[in-house]
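A short worksheet on the structure shown next.
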Amino acid sequence: MPFLDFSGETIVMTHSDAEIDALLDMDLGMGDEDWTPTPHGRFLAQVLAEHNMVEGKSVLELGGGVGNHSIILARQNPSHLVITEVTEGLLATTRENVERNVPGADFVEYRVADWLDLDGQFDVLVSNPPFARSGRQNRRYFIDELILNSHKRLTAGGELVFIQSSMADIHRTRRDLKRNGFDSRIVDQASGAFRDYYFEDKAFMAEIELVPDGYERDEEDNYIETLFVIAATLMPWTPPDFAHIPTELRDS
Ligand SMILES: C[S@@+](CC[C@H](N)C(=O)[O-])C[C@H]1O[C@@H](n2cnc3c(N)ncnc32)[C@H](O)[C@@H]1O
C-alpha cells in the first residue's frame with residue numbers, strides 16, 4: 001500500500017484541461033518581501049483550478065501572498081471574495097496582481113488582518129497557512145488556529161480548504177478537525193522532495209522525527225514529503241441544554 005494514500009476520498013475533476021490551463025495562466029509581479037510560491041502553493045493552485053469550490057459563494061482567503069490562489073478564486077465567479085495579508089505592503093502586491101490578471105473584479109475586497117482577526121462570515125475559507133517558516137514556537141500555530149477558530153468566520157455548513165505537509169501531521173489535523181465539528185476529506189495529494197531550507201533548520205529536522213508518517217525516504221534515500229489539500233465542512237452542532245452558556249450567547 002502506498003505511503004499515506006487517501007486517494008479514495010478524492011472528488012471528481014470538474015474542468016477540462018483547457019479550462020484548468022486558463023485558470024492557471026497568470027502574470028505575477030513580486031518584490032523582495034513577498035512570499036515566492038513554493039510546491040505547496042503550486043499544488044494548491046492546481047487543485048483549486050481543477051475543483052471549483054467557490055462559484056456563487058462568499059469566500060475568504062487568508063494570506064493571499066502574490067495572489068497565485070486569489071486570481072484563480074476570482075476567476076471562478078464567487079459572489080464576494082475577501083483577501084487578507086498581514087501588512088499593507090504585502091497586500092499591495094496581492095491587489096496589483098489580482099487587478100492586473102482579473103480586471104474589473106469589483107466583488108474582490110482587500111483587508112489587512114492578522115489571520116482570523118477580522119469581521120464577517122463566509123461560505124468558504126481558503127488558505128496555504130505558514131508552517132515550516134511560521135515563526136511560531138508551535139510551528140502548526142496557523143493550522144491549529146484554522147481548526148479551532150475558523151468556525152467564527154464560516155457560515156453554517158461552510159467549508160475550510162487548506163494545504164499542509166505530512167510533516168505538519170496529517171493524522172493530528174484530521175483528528176482535531178473531527179473533534180472541532182468538521183467533516184474532512186482529502187481533495188488531492190502529491191509527494192515531492194524536501195526543499196533545501198528544511199535541512200538548514202536543525203530544529204525543524206528534529207521535530208519532524210516525532211511526527212507519525214511525517215516523511216518517507218525513496219530508493220535513493222531522498223527525503224520525501226506528501227502535500228495534502230484538505231476540505232473540511234463545518235457540521236451543525238447545538239450545545240446540550242445542560243451546557244453552562246448564557247441564553248443570549250447560545251447561537252454564536
Ligand atoms: C505560505 S504563504 C502562502 C502565500 C500564497 N497564498 C501562496 O500560496 O504562495 C503564507 C502567507 O501568509 C501570510 N501571513 C503570515 N502571517 C500572517 C498573518 N498573521 N495573517 C495573515 N497572513 C499572514 C504571509 O505573508 C504569506 O503571504
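Things to note:
- Cβ-defined net charge surrounding TYR198, 11 Å radius [Lys, Arg +1; Asp, Glu -1]: -2
- Cα gyration tensor category, rounded, prolate or oblate, for the range 81-123 with a/c compared to 1.5: oblate
- Qualifying trypsin sites (Lys or Arg not before Pro) for the range 123-232 [loop in DSSP, other Cβ within 10 Å: at most 15]: ARG133, ARG136, ARG195
- Lysines whose Cα lies under 17 Å from that of LYS202, excluding same-chain neighbours fewer than 8 positions away: none
- Counting 0.36 nm for each residue step from HIS15 to LEU148 and taking away their Cα separation leaves a gain of 44.6 nm.
- Rg(Cα)/(2.2 N^0.38 Å) for the chain, N = residue count: 1.02
- Proximal lysines to LYS152, defined as alpha-carbon separation beneath 20 angstrom and excluding residues fewer than eight positions away on the same chain: LYS57, LYS178
- Residues VAL108, VAL161, ranked from the fewest to the most other C-beta atoms within 10 Å, line up as VAL108, VAL161.
- Over the chain, DSSP H runs of length four or greater, each weighted -39,500 (n - 2.57), average out per residue to a 222 nm ellipticity of -8000 deg cm²/dmol.
- Estimated dipole of the range 1-128 in Debye, rounded to 20 [Cβ of Lys and Arg +1, of Asp and Glu -1, Cα centre]: 160 debye
Every number here is computed from the coordinates shown, using simple stated rules; none is lab data. On a predicted model such as this, the values are computed, not experimentally measured, just so you know. Cβ coordinates were reconstructed from backbone atoms using ideal geometry, including for glycine residues, and neighbour counts include every protein chain displayed.
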